[in-house]
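Nothing in this text is a laboratory measurement; each read-out follows from the coordinates by a stated rule. Keep in mind the model is a prediction, meaning the values are calculated, not measured. Cβ coordinates were reconstructed from backbone atoms using ideal geometry, including for glycine residues, and neighbour counts include every protein chain displayed.
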Amino acid sequence: MKIKMDFVSNSSSTSFVYIARDMLSRDDFLAAAGVGPDSPVAPLFETMFAELKAQIDRGTVLTQVEDVDTLENRQHFTPAVLDRMKQGIAGGETVTVGHFSSDNNLAEMTLCTEIFEIESERFFINAYDNYW
């Protein structure tokens, strides 16, 4: 898991993309984040997983490569991530775009205010757009 703290502004949302063949599981998320079940931060990461999964469930699923080019918020993603989205769709993966808000609980606020990317054998999440 990569986390980078960066610029802060007045906005309170973060766009993210989730790319995978299957829905995110708690165990896959914790393993990719490097958090063991006995870790003192495990409860926070478990809550972060629940918020992430809820936002994926509420997100917009892109079903065609052309959908990536017409994304309303496509400027929130780097060219490399936009290409990854297209490759995911072409390869039969589910590509979901969603948002986090800093107005909710600590777990979602943390996801909203930190720049992160998580990549594992099972999924890819990119949330580089975080202006608070």
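Remark: region 13-28, residue by residue, has Karplus-estimated 3J(HN,Hα) of 8, 9, 8, 9, 10, 10, 10, 5, 7, 10, 5, 4, 10, 4, 5, 5 Hz, where x stands for each Gly or Pro and the curve is 6.51 cos²θ - 1.76 cosθ + 1.60 at θ = phi - 60°.
From helices alone, the chain scores -11000 deg cm²/dmol at 222 nm; the rule is -39500 (n - 2.57) for each run of n ≥ 4 DSSP H residues, then divide by the residue total. Database remark: amide H of residue 104 closer than 5 angstrom to the amide H of 109 (H placed geometrically; neighbours at sequence offset of 5 or more, or on other chains; Pro and chain starts carry no H). Evaluating 6.51 cos²θ - 1.76 cosθ + 1.60 at θ = phi - 60° for every residue in region 115-122, the Karplus couplings come out as 7, 8, 9, 10, 10, 9, 5, 9 Hz, glycine and proline recorded as x.
The label point for residue 21 and the one for residue 122, both projected 7 Å from the Cα toward the Cβ, are 1.2 nm apart.
Taking each pair of different alpha-carbon atoms in region 50-132 once, compute 1/r for the pair, average those values, and report the inverse of that mean as the Kirkwood hydrodynamic radius in Å to one decimal. Before the final figure, lay out the partial values.
Details: mean 1/r = 0.0747 Å⁻¹.
The answer is 13.4 Å.
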